[in-house]
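Since the structure comes first, as structure tokens, the remarks are kept for the end.
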Amino acid sequence: MEEEKNTQSEENESEEIRVGVYVCHCGGNISDVVDTKAVVEALKKNPNVKIAKDFVFMCSDPGQKLIIDDIIENNINRIVVSACSPTLHETTFRKALTRAGLNPYLYEHVNIREQDSWVHKGENEAATAKAIRLTAAGVEKIARQDPLEPIVVNAEGHVVVIGGGVAGMRAALALIKRGLGVTLIEKGDRLGGRALELDRVYPTEEKASDIVSQLENAVRAEKIDVRLNCEIELIEGFVGNFDVQIRGKDSKIDKVRAGAIVLATGFDHYQPYEGEFGYGKSPIVVTLPEFNKLIADMPQSDKFTYKGKDIKNLAFIHCVGSRQMEGVHQPQADGRVNDYCSRVCCTATLHTINKTLDKFPNLNIFDLYKDIRTYGHGHEDYYEKASKRGVTFFRYTDDSIPEYAPSSNGSGATLTMKDVLTWNEEVSIPADMIVLATGMVPRDISNLVGMLKLPTGTDRFLQEVHPKLRPVELANNGIMIAGTCQGPMDITESCAAAGASAAKVSILLSKKTIEMDPYVARVDEAKCDGCKLCLAECEYKGALFMAESYAHVNPALCVGCGACVAVCPPRAINIAGWTLDQFDGMIDAISMEELEPATVPA
Amino acid sequence: MGDHNNMKILLITTMISSYPGANTVGQAHLHYSPGTYIIRVPDPVVFPESFYMRCYEKGIDGIIIMSSGSDCPYEGAYRRLSERVARVYVQMKENGIDPSRLKLTTICTVCKAAFLKEINEMQKNILQARADKEGVAA
Amino acid sequence: MSAATIQKKADVLVVGAGIAGLQASLDLADQGKQILLVESQPSIGGRMINLSKVFPTLDCASCITTPRMASVAHHPSIDLLTYTEVNKIERTNGKFHASITKKPRYLDETACIGCKRCEEACTTFLPDEYDHSLGAKKAISIAFTNAIPQYPVLDMDECLLCGACAKACPTQCINFMQEPQEIEAEAGAVIMATGYNLTEISAKKQYGGDIYPNVISPLQMERLLAPHGPYGGVMRPSDGKIPDSIAFVQCAGSRDKSLGVPYCSRVCCMYAIKQAMLLSGSLPIADITIYYMDIRAFGKGYEQFYQNAKAMGIQFVKAKVGRISEDENHNPILRVERQEDCSQPEEVTHDLVVLSLGMVPAWIPDRDGIIPLEIGEDRFVRSVNEKITPSLTSMEGVFAAGTMTGPKDIVDTIVEAGAAATEAANYLRSQEGR
């Protein structure tokens, strides 16, 4: 490939630069303000320009034909069109170049409508001078342009999905149905993840075990390569070409090659610290997952007995481990508080409260909350039902977090707080048992985070590139995320995220190769003196590295930001299509005093 | 207006936000000085300090870097850019170029008013810098 | 003289080119599927392109939407029809057949260059629906500055037929006699992405949203806040005064059985907080109050956003607003029953009030026809496998994306649109060789 490049640039050196310039009237939109004839005449004097023309509508078929004919008949090998914004018609004209057999990147589109004639009405002379300078700048840029080819890398038609919970299974199924190979890696000894802990799920009231078996059966029916009791040892490579080493229970390492990776590593329950609302000190304080497990198989009864004791008053406390405030809550191990909302706990708590009342209708239930966030489809019904069934709601704030005190006889406890709903009255709530609605924290995947330099947010969850532009992709090209490794979500939302990740993977691997824009860094090895200054500027692991005493770019990992370009003393590194020499040429044209174009040798 | 027309202001815009922003100004047929020249780049972080100094040498009166700010898609690029601009200011002072002739700002795809404001301010800065220089000379 | 019916064929027919339809189309087209994307409005971009900034990143909405709109418009695998209605979709022999009508813009789109000369020449002013009637537009106009495509629509009902536009047009593309164009399309699968409407501002009579000029809808506030909004700043509609005291009334169209909207609309807390933050940025001395039942900041980064708003000094008052009246200067007066500190109802006067309206489906199959999908009690299209495959509708081969299945924010909409694209692609594959 390197050799090919060299021959190409040699060819270019021998080839004469023959620029064709075309100035569009845009039916008066440009020509009423800009003297297009004057632009043409001025550009004709540029030594690189062999042909300059103006036309009423360059984007029309006859306009495009002018260009195509000049390429074929007059050996024009660089094209500049001065017209509207490139966002409108750059692709139109690039396609015309392709049709004429010319490399489409040898095209420069100069904006003399949105950024000239439309904003300088009444200053025709100045607008014309500006159009001449801008067009000349376009000529200088394209005269210094090599033909470019898209970057092409192999795309392995196989995907590694890490995590065998609902999101992981869902993603694996969507991908295998797209015709891709899938390896599904699960740390535990069975598929299903956190859903295995649940009884019934809101709002459909399906058995969670049914959801898991529905997915698991589908996974087993397809040719998905399921690896239980396995962990990731090492991931190397780049988009389209990842090498994944999987360590099995017997510590044997197996290698899988994958075009893309889906992370579905899930969440952990927040674990209250000892003494948080009495947790760990008194057996009557349990977390919501613990409570759900406890009552799952209990028969309906007019009495609720726990550890040999009749429970009459049951209190639920929301936001344990979530929505924490600095200075109010005890920080986590990394010194930060969990300042995020865990999204699912409000509805999960009210769902559990209703289920509990179904079984034990005589219980008194107290619900201590900050805000009730029953946002989703059917969620509000659980809140309304709980209110109708006599659940007593108390609202607390960070200024008045419920205080836990074991009762003197040791069998129960009192929760004391100011109730915001009743004029900040101090209330004491007797509780025979306390359930803490604990939030979500990300699963510990520090090995993967460290190995791949995965981006995480201040909440420690994996951080997508952009919540709206690229919500299921990481900055690491070829690595997608699905489910609660990204942040708290319920099963529906996790499955939607898994489907979206599958779409992104399918796009990436829909062909045998991945084509990427050529606008990435390129090193002129003859100029590079190996000073390594560029390396410190690169934020993308593996994109820029030293080998054989000069800098190398992995075009599959480079994003073309240009941070490296600015620090290279001999200008050995440049972004293809946007080189500093091109910009210097443009500045020369823009700053020329006389409107006779400067004779800048390309 | 005459004063403004013998002025050259370079606007460095980004493909993702301020270049389309300049188009929005055009689509609204608003007016600004024809002495403004817009170039677009993936990210202004590409330019070394020497690029800016060369522009002033060549006769560019003012440069406005219209970055994407928080919309910047490139890791760490905005931080590097602002650090570089700080170094350019030092070089400008050393070379007797009024630092108000360089401005780093953020322009989005629909920031029409902000776009015009930046140009107007730069024009004022350039006139002031010229007056200051003449004052010193006198 | 009406032209002959045009025949079209695609892998997937996508109905609605808001952010959900755009994303689903792109996710399918990028996999090589041929898409026919149909939008009833003159421009693509849906509700989102109309917003100022979006939570919780405060990115400008246009900046997030425009690149996607451009990608769709230029995509070689997407056939885009704007200002076009889908009349009926039927499934026969495993294929979908749609009857579609392209409404006349009264100009030749192949000749129009989007130069707006017609718009400049036109002398008839109309209320601008893009600005929610806060601003004005011409009888022939491009929907908004960054509309895609950049073709105007001539409003034939209001046009005086003076011919000024036709005279001004450099390409002679205006055609006052243009007829609707009928189109028959065949597709292997369908994605419906028909979006939402806000609940009617007049629905809650006690609030007088349709009577008092300074009681406005949140989408009107979006336009006031937009950098290219109708007034070029935040002013109240009655007298152009810059408001010193602005209130948001939460759940003004949701969680309210009396309105037939018992559900939570999911986005109102966050858009109110966002608007409050933007207001406090542009009007630093204004008092901003949000009257709420519960603050539901449940998404990624939302709680932190809420806490930032509190730290900025925005007042959050847990209260019910019983009714709204106004004084002689059109200052809205709110009857507030606080649910904290003091429970005595009190009357509070503000300069401007935003009713945080909820979401209802824009298209309801049993009301609007087109295709008979099952709906839920909330009248949104029902998912038949909500937990595992939320985009699955009651009809095989028809998938749902975005707010047509229930209120949701932009992030959730975009994710779900991707999931719908995956389901549609997999469905097409399952049909191959049948």
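The values are calculated or read from the model by the stated rules, or taken from the named source; none is laboratory data. Since the model is a prediction, treat every value here as computed from it, not as a measurement. Don't worry about glycine lacking a Cβ; one is built from the backbone with ideal geometry, like all the others, and counts go over all protein chains shown. All accessible areas refer to the heavy atoms of the entire protein, side chains included, with ligands and DNA or RNA removed. Shrake-Rupley method; radii C 1.70, N 1.55, O 1.52, S 1.80 Å.
The number of residues in region A:181-207 that are in contact (Cβ under 8 Å) with a residue 60 or more places away in the chain and part of a helix (DSSP H, G or I) comes to 4.
Pairing residues of region B:102-121 that are basic (Lys, Arg) with residues that are at pLDDT below 95 and open to solvent by less than 20 Å² (accessible area, probe 1.4 Å), at Cβ distances under 6 Å and at least 6 apart in sequence or on separate chains, gives B:LYS112/B:THR24; B:LYS112/B:VAL25.
Yes or no, residue by residue, for (1) of a type in the set (Asp, Glu); (2) within 14 Å of chain B (Cβ to nearest Cβ); (3) open to solvent by 30 Å² or more (accessible area, probe 1.4 Å); (4) over 23 Å from C:ASP59 (Cα atoms):
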{"site": "C:ILE216", "(1), (2), (3), (4)": "no, no, no, yes"}
{"site": "C:PRO227", "(1), (2), (3), (4)": "no, yes, yes, no"}
{"site": "C:VAL234", "(1), (2), (3), (4)": "no, yes, no, no"}
{"site": "C:ALA247", "(1), (2), (3), (4)": "no, no, no, yes"}
{"site": "C:SER254", "(1), (2), (3), (4)": "no, no, no, yes"}
{"site": "C:SER258", "(1), (2), (3), (4)": "no, no, yes, yes"}
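If you go through region A:123-132 and keep only what is surrounded by fewer than 24 Cβ atoms within 10 Å (Cβ to Cβ), more than 7 Å from chain B (Cβ to nearest Cβ) and more than 15 Å from A:GLY28 (Cβ to Cβ), you end up with A:GLU125, A:ALA129. Has region A:394-410 got at least one residue that is closer than 25 Å to C:CYS268 by Cβ, open to solvent by 40 Å² or more (accessible area, probe 1.4 Å) and modelled with pLDDT of 95 or more? For region A:394-410, residues closer than 25 Å to C:CYS268 by Cβ, open to solvent by 40 Å² or more (accessible area, probe 1.4 Å) and modelled with pLDDT of 95 or more: absent. Among the residues of region C:1-29, those that are open to solvent by 50 Å² or more (accessible area, probe 1.4 Å), touching a residue at least 40 places away in the same chain (Cβ under 8 Å) and not in a strand (DSSP E or B) comprise C:MET1, C:SER2, C:ALA3, C:THR5. When restricted to residues that are within 30 Å of A:GLY321 (Cα to Cα), open to solvent by 20 Å² or more (accessible area, probe 1.4 Å) and not in a loop (DSSP other than H, G, I, E, B), region A:232-284 contains 4. Does at least one position in region A:548-558 carry a residue that is closer than 29 Å to B:LYS58 by Cβ and either assigned to a helix (DSSP H, G or I) or within 13 Å of chain B (Cβ to nearest Cβ) (or both)? Taking every residue of region A:548-558 in turn, none turns out to be closer than 29 Å to B:LYS58 by Cβ and either assigned to a helix (DSSP H, G or I) or within 13 Å of chain B (Cβ to nearest Cβ) (or both).
Every condition in (1) within 14 Å of chain A (Cβ to nearest Cβ); (2) touching a strand residue (DSSP E or B) at 6+ places or on another chain (Cβ under 9 Å); (3) outside any loop (DSSP other than H, G, I, E, B) is met by C:ILE288 except one, and the failing one is (1).
Could you check, for region C:295-311, whether at least one of its residues is more than 9 Å from chain A (Cβ to nearest Cβ) and among the β-branched types (Val, Ile, Thr)? There is no residue in region C:295-311 that is more than 9 Å from chain A (Cβ to nearest Cβ) and among the β-branched types (Val, Ile, Thr).
Condition check ((1) touching a Phe, Trp or Tyr at 6+ places or on another chain (Cβ under 7 Å); (2) of a type outside the set (Gly, Ala, Ser); (3) in contact (Cβ under 8 Å) with a residue 24 or more places away in the chain) across all residues:
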position: A:ARG443; (1), (2), (3): yes, yes, yes
position: A:MET489; (1), (2), (3): no, yes, yes
position: A:SER494; (1), (2), (3): no, no, yes
position: A:SER506; (1), (2), (3): no, no, yes
position: A:ASP517; (1), (2), (3): no, yes, yes
position: A:VAL520; (1), (2), (3): no, yes, yes
position: A:VAL523; (1), (2), (3): yes, yes, yes
position: A:TYR550; (1), (2), (3): no, yes, yes
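Of the numbered criteria (1) within 11 Å of chain A (Cβ to nearest Cβ); (2) farther than 19 Å from A:TRP578 by Cβ; (3) open to solvent by 10 Å² or more (accessible area, probe 1.4 Å); (4) assigned to a loop (DSSP other than H, G, I, E, B), the one B:ILE16 fails is (2).
Residues checked against (1) out of contact with any Phe, Trp or Tyr (no Cβ under 8 Å at 6 or more places or on another chain); (2) assigned to a loop (DSSP other than H, G, I, E, B):
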position: C:ASN87; (1), (2): yes, no
position: C:HIS97; (1), (2): yes, no
position: C:ALA111; (1), (2): yes, yes
position: C:GLU119; (1), (2): yes, no
position: C:THR123; (1), (2): yes, yes
position: C:LEU134; (1), (2): no, yes
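Filtered by the rule that a residue be open to solvent by 60 Å² or more (accessible area, probe 1.4 Å) and out of contact with any Pro (no Cβ under 8 Å at 6 or more places or on another chain), region A:288-309 gives A:GLU290, A:LYS293, A:ASP297, A:PRO299, A:GLN300, A:LYS303, A:THR305, A:GLY308. With respect to C:GLN178, is the statement that it is in a helix (DSSP H, G or I) and open to solvent by 30 Å² or more (accessible area, probe 1.4 Å) true? Spelling it out, it is not the case that C:GLN178 is in a helix (DSSP H, G or I) and open to solvent by 30 Å² or more (accessible area, probe 1.4 Å).
Checked against (1) small (Gly, Ala, Ser); (2) within 25 Å of C:LEU259 (Cα to Cα); (3) at pLDDT below 95; (4) not assigned by TED's automatic domain parsing to the domain that holds C:TYR427, C:ALA297 passes all but a single condition, namely (3). Taken over region B:50-72, the criterion of being away from chain A (no Cβ under 11 Å) and under 15 Å from B:ILE126 (Cα atoms) is satisfied by B:GLY62, B:ILE64. The residues of region C:392-418 that are buried (at least 24 other Cβ atoms within 10 Å of the Cβ), of a type in the set (D, E, K, R) and outside any helix (DSSP H, G or I) amount to a single one, C:LYS408.
Take B:LYS103 and decide whether it is facing chain A (nearest Cβ under 10 Å) and either among the acidic types (Asp, Glu) or surrounded by fewer than 22 Cβ atoms within 10 Å (Cβ to Cβ) (or both). Answer is no for this residue.
Condition (residue is under 21 Å from A:GLN145 (Cβ atoms), buried (at least 19 other Cβ atoms within 10 Å of the Cβ), modelled with pLDDT of 95 or more and among the aliphatic types (A, V, I, L, M)) applied to region A:88-99: is it met by at least one residue? Checking region A:88-99: at least one residue is under 21 Å from A:GLN145 (Cβ atoms), buried (at least 19 other Cβ atoms within 10 Å of the Cβ), modelled with pLDDT of 95 or more and among the aliphatic types (A, V, I, L, M). When you scan region C:228-238, do you find a residue that is in a loop (DSSP other than H, G, I, E, B), touching a helix residue (DSSP H, G or I) at 6+ places or on another chain (Cβ under 9 Å) and without any contact (Cβ under 8 Å) to a residue 40 or more places away in the chain, even just one? The answer is yes; a qualifying residue exists. Contact annotation: residue pairs with Cβ atoms under 8 Å, 6 or more positions apart or on different chains, pairing a residue in region A:316-331 that is within 13 Å of another protein chain (Cβ to nearest Cβ) with a partner that is assigned to a loop (DSSP other than H, G, I, E, B) and among the acidic types (Asp, Glu), are A:ARG323/A:ASP339; A:GLN324/A:ASP339; A:MET325/A:ASP339; A:MET325/A:ASP398; A:GLU326/A:ASP339; A:VAL328/A:ASP398. Considering only residues that are aliphatic (A, V, I, L, M) and crowded, with 20+ Cβ neighbours inside 10 Å, look in region C:140-164 and name the one that is farthest from the other protein chains (Cβ to nearest Cβ). Within region C:140-164, the match that is farthest from the other protein chains (Cβ to nearest Cβ) is C:LEU154. Go through the residues of region B:26-37 one by one and say whether even a single one is more than 7 Å from chain A (Cβ to nearest Cβ), crowded, with 19+ Cβ neighbours inside 10 Å, assigned to a helix (DSSP H, G or I) and of a type outside the set (Asp, Glu). No, every residue in region B:26-37 fails to be more than 7 Å from chain A (Cβ to nearest Cβ), crowded, with 19+ Cβ neighbours inside 10 Å, assigned to a helix (DSSP H, G or I) and of a type outside the set (Asp, Glu). Scanning region A:39-63 for residues that are surrounded by fewer than 18 Cβ atoms within 10 Å (Cβ to Cβ) and in contact (Cβ under 8 Å) with a residue 40 or more places away in the chain turns up A:LYS45, A:PRO47.
When restricted to residues that are closer than 26 Å to A:PHE360 by Cβ, aliphatic (A, V, I, L, M) and within 12 Å of another protein chain (Cβ to nearest Cβ), region A:373-424 contains 1.
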